[in-house]
Amino acid sequence: MDILENLNQQQRLAVEHGKGPALVLAGAGSGKTRVIAHRIAYLIRNSVCRPENILAVTFTNKAATEMKERVHAILGELRSAEPLISTFHSFCVRLLRQEIHHAGYRRDFSIYDTDDQKRLIRQILKELNDPELEISPREIISRISYAKNHGVTPGQYIKRFPSETAEDVQFIYSKYNSHLKNSNSLDFDDLLLISVAILKEQPDTRRRFSERYRYILVDEYQDTNRPQYELLRLLTAAHNNLFVVGDEDQSIYKFRGADIQNILKFEKDFTGARTIKLEQNYRSSQNILSVAGAVVQNNTERKGKVLWTENDGGDVVTCRYEESPRDEAIWVAGKIQEILELYPNHHLAVLYRANFLSRNFEDVFLEEGIPYAVVGSVAFFGRMEVKDMLAYLRVVFNPDDDIAVLRILNTPPRGIGKTTIELLTRAAIDKGVPIMRMVREKAHDADFPGRASKSLLRFEKFVDKWIGFEQNHSVAQLLETILEDTQYAEMLRKNELASEAENRLANIEELIRAAAESEDRGETVTDFLDRAALSSELDHFDPNTRVALMTIHSAKGLEFEVVFLAGMEEGLFPHTQSMGSSEDLEEERRLCYVGITRAKKRLYVTWTPYRRNYGPEAGSPARVSRFLEEMPRDLIEGLDREIYEPMDQRQRLQTSSHTQPRNRDWQEPTEKNRVSKEPFKQPKSIAELKAYLAQQQKPKTPGTDDSKKGTVLKAGMRVRHDKFGDGIVLSRERRGNDIKLVITFSTAGRKSLIERFAKLKAL
DNA sequence: GATTTACGCCTTTTT
DNA sequence: GGCGTAAATC
């Protein structure tokens, strides 16, 4: 396969770029991942360098995996070494597992995720015992992170970021850092910072790494933060072969420290850089591009690109006003059903600014039996039971990991109560030693209360057993042993609902399987733990999902035939807290741009003035988002600019039925919405139930079925249960992660069942 | 140690 | 207004 084949002129120029820095400004859908993958293949195929001299960096594991697959697709399996394609963070972990002794840590360090950070901060706050400290752990974490990413140490904090609370933050920041250090643990920011510090201070290490990685490629460069920029500088100083791809219009992670100036100033930072713009879009219709362009044009902080496409004009954007969030969800659900009937293979997405908006959509989709997947609620590795198991592993490998020790010390309960734990923590802090060492000490302390020391001794014996066990067994076996020894399953069965306990146990099983697979791939235990710490839920997003629900942030990099942008209201999008500065507002606008450009064929935008909001503005109706007003008038229908009074707006909308331009491959569904506005009510009589059934009697098309589980059991359907016999589904609703069905059985009467466990057959 | 009550949180969160 | 975790209580 010719690598340059099927590339347009600009893409080809980028792929064939020689030595020295290059900046590829790639608009949405212009094939930027493609360019990186092809360039990697090009470098290898043309023997510009050896595969192992190439480093490609992405932000997500998903992007890294995709990149690897694409390179393999072009080149076939490589016989020799592989190029290193990894995220910033896993690259750093890799570096640190070899080099961290330079920074005074041991190589078996633990990685603290956000949850661990929060626990640590809470512990420090407790220890501080300041009765009225007015900062939340969450805010403290973000301020510490901000300081770290701007190179500000605890000592400099007050001077650099003066505020009323700066003194407190400084104190906590410094405590936080020393706790981490004493626990031989690093947070996500540290992974970058310490790597940078080592590369800066250790010329030998720097030389080895920059000689090894002579061609460095970076995806989504607009999202890099300062430490990432420094890392790249250090790695490329010797050879200057830095090839970055990005889009300043898609920079949406400022709140996480991303610095848009990195991409805006690239040519200044790396002299002699060549700039290539990719402006041909292969994803969306012309109308969608025009709308996106019109919105983002209102920003000043951009280099300016004009996207064009050879695709059809396509439809205009449809705007929909609804009276309430529930109505909004119902309208979207109706549209989705129509679209899926016409186009069973389309991928659709409902995108929103904030996660809480998923609620109404989930409820309605569940009632309607629309198969959907939510991205970004609770990640697998974030689940309580999975974190517990991982904490056990962490303690086995790094007994200094205090947060992990505290997590498992009395989970499951083993007689190490609150007083004992407080005593241990206090003593550990006073002596400046890890908690596990205090556990060992007090376990053999004759002066210590007998009952407590006995429990501690038992715990110590277990830990030692596991440490020994690990020497000649696999992680999967170790996890099995821990599960057995701790009686963890018994704890779950005792404390939780049966269904919930089984669910959690299933997750643990999955973890054990993942560990076994990791081992099969020849990975070490730390590889496994690292991946657990650095993985996110997006990595598990199944691209075959028919209807996806997620935030716009999560949707970056994805595409769908049809996109619904929900909650297009002032105050929510742009968010109130982002309307203060023009910088923040521009970021919101870029976010909107990202949302719009996810759509290939059709874009719907919806809004409602009466979204339940708390706080000072509770109750007052919201206006339509300014971003919709920035869309060209002739490219959006259903938006009435002059009228904001809800009833008026509604009447106008109902009287105006539009004719739309059509194109060849998209035909707007014309059927009436089939979702009833009334939420399903329990029928009071047989007659009512019959009436409801009649209303529900409509043939289902294959496209709306959940392919995995067969038919979706909706209200009104007849089902058969092994024990209870035949019955009729009365309602279907979410309960936690499960789906609860209420069913009346002809013999057994009314029962509530969890769908996953009920083994129901549709009749 | 288990159960109840109270409180804190509520924008996005690639790692 | 709703939810999940943490303190309070038995």
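The values are calculated or read from the model by the stated rules, or taken from the named source; none is laboratory data. Only a predicted model underlies this, so the values are computations on that prediction, with no experimental measurement involved. Cβ atoms come from the backbone with ideal geometry, glycine included; neighbour counts cover every protein chain shown.
Table: residues versus (1) of a type in the set (Asp, Glu); (2) away from DNA strand C (no atom under 16 Å from the Cβ); (3) touching a strand residue (DSSP E or B) at 6+ places or on another chain (Cβ under 7 Å).
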residue	(1), (2), (3)
A:Leu84	no, yes, yes
A:Cys92	no, yes, no
A:Gln98	no, yes, no
A:His101	no, yes, no
A:Arg138	no, no, no
A:Phe161	no, yes, no
A:Ser174	no, yes, no
A:Asn177	no, yes, no
A:Asn182	no, yes, no
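Do we find a residue being of a type in the set (Gly, Ala, Ser), away from DNA strand C (no atom under 16 Å from the Cβ) and in contact with a helix residue (DSSP H, G or I) (Cβ under 9 Å, 6 or more places away or on another chain) anywhere in segment A:266-277? The answer is yes, given that some residue of segment A:266-277 is of a type in the set (Gly, Ala, Ser), away from DNA strand C (no atom under 16 Å from the Cβ) and in contact with a helix residue (DSSP H, G or I) (Cβ under 9 Å, 6 or more places away or on another chain). Beta carbons closer than 6 Å, at least 6 apart along the sequence or on distinct chains, pair a first residue in segment A:459-472 that is touching a residue at least 24 places away in the same chain (Cβ under 8 Å) with a second that is of a type in the set (A, V, I, L, M) and surrounded by 13 or more Cβ atoms within 10 Å (Cβ to Cβ) for A:Trp466/A:Val396; A:Ile467/A:Val396; A:Glu470/A:Val396; A:Glu470/A:Leu478. On the stretch given as segment A:438-456, residues that are touching a helix residue (DSSP H, G or I) at 6+ places or on another chain (Cβ under 7 Å) and surrounded by 16 or more Cβ atoms within 10 Å (Cβ to Cβ) total 9.
Look at A:Ala548 and say whether it is among the small types (Gly, Ala, Ser) and at pLDDT 90 or above. Answer is yes for this residue. Scoring A:Phe365 on the criteria (1) away from DNA strand B (no atom under 16 Å from the Cβ); (2) surrounded by fewer than 19 Cβ atoms within 10 Å (Cβ to Cβ); (3) within 30 Å of A:Gln577 (Cβ to Cβ) leaves a single failure, condition (2). Checked against the criterion of being surrounded by fewer than 19 Cβ atoms within 10 Å (Cβ to Cβ), on the phi > 0 side of the Ramachandran plot and more than 26 Å from the chain's Cα centre (by Cα), segment A:518-536 has at least one qualifying residue. Checking each residue in segment A:235-254 for being within 24 Å of A:Leu13 (Cα to Cα) and charged (D, E, K, R) picks out A:Asp247, A:Glu248, A:Asp249. Applying a threshold of 6 Å to beta carbon distances and a minimum spacing of six or more residues, or different chains, the list of pairs starting in segment A:112-127 at a residue that is under 18 Å from A:Phe380 (Cα atoms) and ending at one that is among the polar types (S, T, N, Q) and not in a helix (DSSP H, G or I) reads A:Tyr112/A:Ser185. Note on segment A:238-267: residues that are surrounded by fewer than 18 Cβ atoms within 10 Å (Cβ to Cβ) and closer than 21 Å to A:Asn149 by Cβ amount to 6. Of the helices (runs of 4 or more DSSP H) entirely within segment A:193-278, those holding at least 3 residues that are away from DNA strand B (no atom under 14 Å from the Cβ) occupy A:203-212, A:226-236, A:266-269.
For segment A:172-183, does any single residue satisfy the condition of being within 15 Å of DNA strand B (Cβ to nearest atom) and without any contact (Cβ under 8 Å) to a residue 40 or more places away in the chain? The answer is no; no qualifying residue exists.
Out of curiosity, is A:Ala404 small (Gly, Ala, Ser), buried (at least 18 other Cβ atoms within 10 Å of the Cβ) and modelled with pLDDT of 90 or more? Criteria met by A:Ala404. Take the conditions (1) more than 32 Å from the chain's Cα centre (by Cα); (2) more than 23 Å from A:Tyr112 (Cβ to Cβ); A:Ala489 misses just one of them, which is (1). When segment A:489-513 is limited to residues that are closer than 13 Å to A:Arg383 by Cβ and away from DNA strand C (no atom under 16 Å from the Cβ), the one that is modelled with the lowest pLDDT turns out to be A:Ala506. Can you tell me which residue in segment A:520-543 is farthest from DNA strand C (Cβ to nearest atom), limited to those that are in a loop (DSSP other than H, G, I, E, B) and at pLDDT 80 or above? Here the answer is A:Gly522. Scanning segment A:555-585 for residues that are under 25 Å from A:Tyr321 (Cα atoms) and part of a helix (DSSP H, G or I) returns A:Ala555, A:Thr576, A:Gln577, A:Ser578, A:Leu585.
Within segment A:110-151, being of a type in the set (S, T, N, Q), within 26 Å of A:Leu393 (Cα to Cα) and crowded, with 18+ Cβ neighbours inside 10 Å holds for A:Ser110, A:Gln117, A:Gln123. Any residue in segment A:142-156 that is in a loop (DSSP other than H, G, I, E, B), of a type in the set (Val, Ile, Thr) and over 28 Å from A:Asn53 (Cβ atoms)? Within segment A:142-156, one or more residues are in a loop (DSSP other than H, G, I, E, B), of a type in the set (Val, Ile, Thr) and over 28 Å from A:Asn53 (Cβ atoms).
Of all the listed residues (A:Ser578, A:Ser554, A:Ser582), the sole one being closer than 22 Å to A:Thr300 by Cα, at pLDDT below 90 and either crowded, with 19+ Cβ neighbours inside 10 Å or under 15 Å from the mean Cα position of the chain (by Cα) (or both) is A:Ser578. Residues that are aromatic (Phe, Trp, Tyr) number at least 1 in the following helices (runs of 4 or more DSSP H) confined to segment A:342-444: A:358-368, A:384-397. Of the residues contained in segment A:363-373, none is found to be more than 25 Å from A:Leu741 (Cα to Cα) and more than 16 Å from DNA strand C (Cβ to nearest atom).
Is there a residue in segment A:69-76 that is over 21 Å from A:Ser535 (Cβ atoms), touching a residue at least 40 places away in the same chain (Cβ under 8 Å), within 16 Å of DNA strand C (Cβ to nearest atom) and crowded, with 16+ Cβ neighbours inside 10 Å? No, the conditions are met nowhere in segment A:69-76. Scanning segment A:179-192 for residues that are out of contact with any helix residue (DSSP H, G or I) (no Cβ under 9 Å at 6 or more places or on another chain) and not in a loop (DSSP other than H, G, I, E, B) yields one hit, A:Lys181. Within segment A:303-323, track down each residue that is over 12 Å from A:Gly27 (Cα atoms) and either of a type in the set (Gly, Ala, Ser) or assigned to a loop (DSSP other than H, G, I, E, B) (or both). Across segment A:303-323, the qualifying residues are A:Glu310, A:Asn311, A:Asp312, A:Gly313, A:Gly314, A:Asp315, A:Val316, A:Glu322, A:Glu323. Is it the case, given these coordinates, that A:Arg359 is surrounded by fewer than 22 Cβ atoms within 10 Å (Cβ to Cβ), within 14 Å of DNA strand B (Cβ to nearest atom) and of a type in the set (D, E, K, R)? Criteria met by A:Arg359. The set of residues in segment A:15-42 that are without any contact (Cβ under 8 Å) to a residue 40 or more places away in the chain and either assigned to a loop (DSSP other than H, G, I, E, B) or surrounded by fewer than 17 Cβ atoms within 10 Å (Cβ to Cβ) (or both) comprises A:Glu16, A:Gly18. Any residue at all in segment A:114-128 that is farther than 20 Å from A:Ile194 by Cβ, of a type in the set (S, T, N, Q) and within 14 Å of DNA strand C (Cβ to nearest atom)? Yes, the conditions are met somewhere in segment A:114-128.
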